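Data block below; observations after.
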Amino acid sequence: MMNFFEQINSYKYAYLGHISEPEDNCLRLVIEGAGVSDNKIAKLAGIGVKVSSGAIETIGSDSVYEVYFDSYIGYSVRDESLSFPDDYEVYEGKIFGIYSKSHYLDFISKASFASSEHPGPFKHYAFHCLNHIVDVVSADQPIIKRHPPTA
């Protein structure tokens, strides 16, 4: 059976359904697996040219996950369309990435006094969603569970 890391990374796309801080310095994300639907939509691809393609949609209620961090050192949300891949960064995963080297880890090291002694060894987790990229640095592993879709 696949674990949540593998399940989330098995989707072609994902959406950030919700982000909140349910308590001080805790972070909750709702990640929705998505794919290309069979429902074709027609678009104008130029003057008088029609192209038919499937819309990207959430797959269903079994593809929705709640990701909860008991604490974090820092997090940020970036516009996915303004982000770019970088050979400097090293990570495992696709939609749900775990970084061993990143610009965000470098930033956290310079912008805070977080260290392996306090609050303890930490990692950079990232969720590469359509429209948003959420970067989280935390000494706690995320708690991940399936979640019913938000209304």
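The values are calculated or read from the model by the stated rules, or taken from the named source; none is laboratory data. Source: prediction; values computed, not measured. Neighbour counts are summed over all protein chains in view; Cβ atoms, including those assigned to glycine, are modelled from backbone coordinates with ideal geometry.
What the table shows:
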item	result
One residue from F127, F84, F107 being at pLDDT 95 or above, of a type in the set (A, V, I, L, M, F, W, C), on the phi < 0 side of the Ramachandran plot and out of contact with any strand residue (DSSP E or B) (no Cβ under 6 Å at 6 or more places or on another chain)	F107
Residue within the stretch 72-79 that is over 21 Å from N131 (Cα atoms), at pLDDT 95 or above and touching a strand residue (DSSP E or B) at 6+ places or on another chain (Cβ under 7 Å) present	yes
Residues located in the stretch 1-45, provided they are surrounded by 14 or more Cβ atoms within 10 Å (Cβ to Cβ), part of a loop (DSSP other than H, G, I, E, B) and either out of contact with any Gly (no Cβ under 6 Å at 6 or more places or on another chain) or modelled with pLDDT of 95 or more (or both)	C26
Odd one out for E66 among (1) under 14 Å from the mean Cα position of the chain (by Cα); (2) surrounded by fewer than 17 Cβ atoms within 10 Å (Cβ to Cβ)	(2)
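This table checks each residue for (1) in contact with a Pro (Cβ under 9 Å, 6 or more places away or on another chain); (2) over 26 Å from N3 (Cα atoms); (3) among the aliphatic types (A, V, I, L, M).
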| site | (1), (2), (3) |
| --- | --- |
| D86 | no, yes, no |
| I98 | no, no, yes |
| H103 | no, yes, no |
| S109 | no, yes, no |
| P121 | no, no, no |
| F127 | no, no, no |
| D135 | no, no, no |
| I144 | no, no, yes |
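Quick grid of which residues meet (1) without any contact (Cβ under 8 Å) to a residue 60 or more places away in the chain; (2) within 21 Å of the chain's Cα centre (by Cα); (3) in a strand (DSSP E or B); (4) surrounded by 15 or more Cβ atoms within 10 Å (Cβ to Cβ):
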| site | (1), (2), (3), (4) |
| --- | --- |
| K110 | yes, no, no, no |
| F113 | yes, no, no, no |
| E117 | yes, no, no, no |
| A126 | yes, yes, yes, yes |
| I133 | yes, yes, yes, yes |
| V137 | no, yes, yes, yes |
| D140 | no, yes, no, yes |
| K145 | no, yes, yes, no |
